[in-house]
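The values are calculated or read from the model by the stated rules, or taken from the named source; none is laboratory data. Source: prediction; values computed, not measured. Ideal geometry is used to build each Cβ from the backbone, glycine not excepted, and the neighbour counts take in all protein chains shown. With ligands, DNA and RNA removed, areas are computed over all heavy atoms of the protein, side chains included. Shrake-Rupley method; radii C 1.70, N 1.55, O 1.52, S 1.80 Å.
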Amino acid sequence: MLYNVLQYLEKTEKRLSDKTAFTDGETGLTFRELGESARAIGSGLAEEISVRKPVIVLMEKTADCIAAFLGAVYAGCFYVPLDSKMPVDRMQLIIDTLQPAALIYDEKNEKTLDKLQLNCGQFRYDQLVKGKVQADRLEKIRNQAVDTDLLYVLFTSGSTGVPKGVSICHRSMLDFTESSCEPLYLDENTRFGNQVPFYFDMSTMEIYTTLKMGSSTYIIPRKCFLFPKLMIEYLEKYEINTAFWVPYAFLQLSNAQVLDAERLRALKYIYFCGEVMPCKHMNRYRRVLQDAVYCNLYGPTEITNVCSYYMVDREYRDDESLPIGIPFPNTRIFIVKDDNTEAKPGEVGEILIGGSCLSLGYYNNKEVSARSFVQNP
């Protein structure tokens, strides 16, 4: 049975060992290299910390960063991505909430550590990854694991501006990955063009679909989003066929008038989430890339990425709004009025979501968790 996301990696590693898993196009890791790196990192961490502890990863957005995430998981722990571009005060609030057991950093982020108050082991990636794999130790850790162990915690500020750590367990990510690949046409031939940071929940679809299906994720350099012509060149060069981006990223290309059907012949799946996609801009894409599949996805971080999807199946006026669609399998969505009764068609209410996709709550924040996570009325 599936109870740990590392089972995805290990199965695909045997089947497609030399295929590129994560890359920026120039440097990256094959599935074999990813597995070897992650196990070395996990072995090194396991010597120093106990299981089920938070491990912060403060690294550049590269394939090595993914190896660090999975290394924390091999150690029986859960990972928390940080980004040096975050304000120092925000990073410190996250650290104070977590009380991490370890922090993995790379050379480019070493100076950032001087700005933070840390009371945990600090491990430089390029040294940790050279360690010896301790297969027996890792096997013992796995034998003690269950699917409700935390996989990662992602921090979202919400409406208050105070970081809240959304806690996602293995079962939630396995459920989401198993239920989303078929409806979204994700398979071994998928070539993602990653846009969002790894501390943003949308990135988890790319990470775990790649591990499960043997897809490839191309980590698009930041400069491509600043210069639309560079983006078109990148998408064309690496034959990216799936873009799962926030609408703003799509708008940049649309506004720059660089869309070209001949140069983007590989781009067949255009998925958007995180904010409202204006139909005006979606229609521009549909006029140029007429054979592509367009899908509007919806969901808060608290339900493991997204919970519903709508395949655009008709023409929309520029001033119309797209529906949020239907739930993924094994997800329940319903509308509840103020009196806790289910809304009828046409009535206004609040969206409630249930299923294995649901977060276990906000890390070390029972009071706020109790307000957001409620029993089914």
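Summary table below
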{"quantity": "Hydrodynamic radius by Kirkwood, which averages 1/r over all alpha carbon pairs of region 68-195, in angstrom", "calculated": "17.0"}
{"quantity": "Beta bridge orientation in region 74-187: antiparallel %, DSSP, nearest 5", "calculated": "55"}
{"quantity": "Candidate lysines for bridging to Lys366, where Cα separation is under 27 Å - those fewer than 8 sequence places away on the same chain excluded", "calculated": "Lys53, Lys164, Lys337"}
{"quantity": "Two-decimal log10 I(q)/I(0) for region 209-330, as the Debye equation yields it once each C-alpha is a single scatterer, q = 0.10, 0.14, 0.16 Å⁻¹", "calculated": "-0.31, -0.62, -0.82"}
{"quantity": "Spatially proximal lysines relative to Lys223 (Cα-Cα < 22 Å; intrachain offsets below 8 disregarded)", "calculated": "Lys61, Lys85, Lys108, Lys237"}
{"quantity": "Antiparallel content of DSSP bridges confined to region 131-273, in %, to 5", "calculated": "40"}
{"quantity": "Choice from Val80, Val57, Val293 showing the highest fluctuation, given a GNM over the chain with Cα pairs closer than 10 Å", "calculated": "Val293"}
{"quantity": "Partner aspartates and glutamates for Lys132 [C-alpha distance under 16 Å; skip if fewer than 8 residues away on the same chain]", "calculated": "Glu33, Glu36, Glu47, Glu48"}
{"quantity": "Convex hull (Cα only) mean projected area of region 1-85, reported in nm² to one decimal", "calculated": "6.1"}
{"quantity": "Accessible surface ranking that places the most exposed of Tyr199, Tyr8 first, with a 1.4 angstrom probe", "calculated": "Tyr199, Tyr8"}
{"quantity": "DSSP beta bridge pairing in the chain, given as percent antiparallel to the nearest 5", "calculated": "45"}
{"quantity": "Region 311-377-region 149-213 distance, computed between alpha-carbon centres (Å)", "calculated": "18"}
{"quantity": "Candidates per GluC sites (Glu not before Pro) in region 300-334, loop by DSSP, up to 16 other Cβ within 10 Å", "calculated": "Glu315, Glu320"}
{"quantity": "Around Glu236: net Lys/Arg minus Asp/Glu count, Cβ-Cβ under 15 Å", "calculated": "+2"}
{"quantity": "Most mobile listed residue (Tyr185, Tyr285, Tyr125) in the chain, GNM with C-alpha springs under 10 Å", "calculated": "Tyr185"}
{"quantity": "Å² of accessible area per residue within the chain, as computed with a 1.4 Å probe and no ligands counted", "calculated": "47"}
{"quantity": "Max mean-square fluctuation residue, GNM over the chain, Cα-Cα springs under 10 Å, options Asp114, Asp106, Asp126", "calculated": "Asp114"}
{"quantity": "Contour minus Cα-Cα distance for Glu60 and Val368 (0.36 nm per residue)", "calculated": "107.8 nm"}
{"quantity": "Summed side-chain charge close to Arg263 - residues other than Arg263 whose Cβ falls under 9 Å, Lys, Arg +1, Asp, Glu -1", "calculated": "-3"}
{"quantity": "Sulfur and carbon atoms: percent of accessible area, the chain [1.4 Å]", "calculated": "47"}
{"quantity": "Computed over the chain: relative contact order in percent, which uses C-alpha pairs under 8 Å that are six or more apart", "calculated": "15"}
{"quantity": "Modelled FRET efficiency - R0 35 Å, Lys108 with Ser17, Cβ distances, 0.05 increments", "calculated": "0.75"}
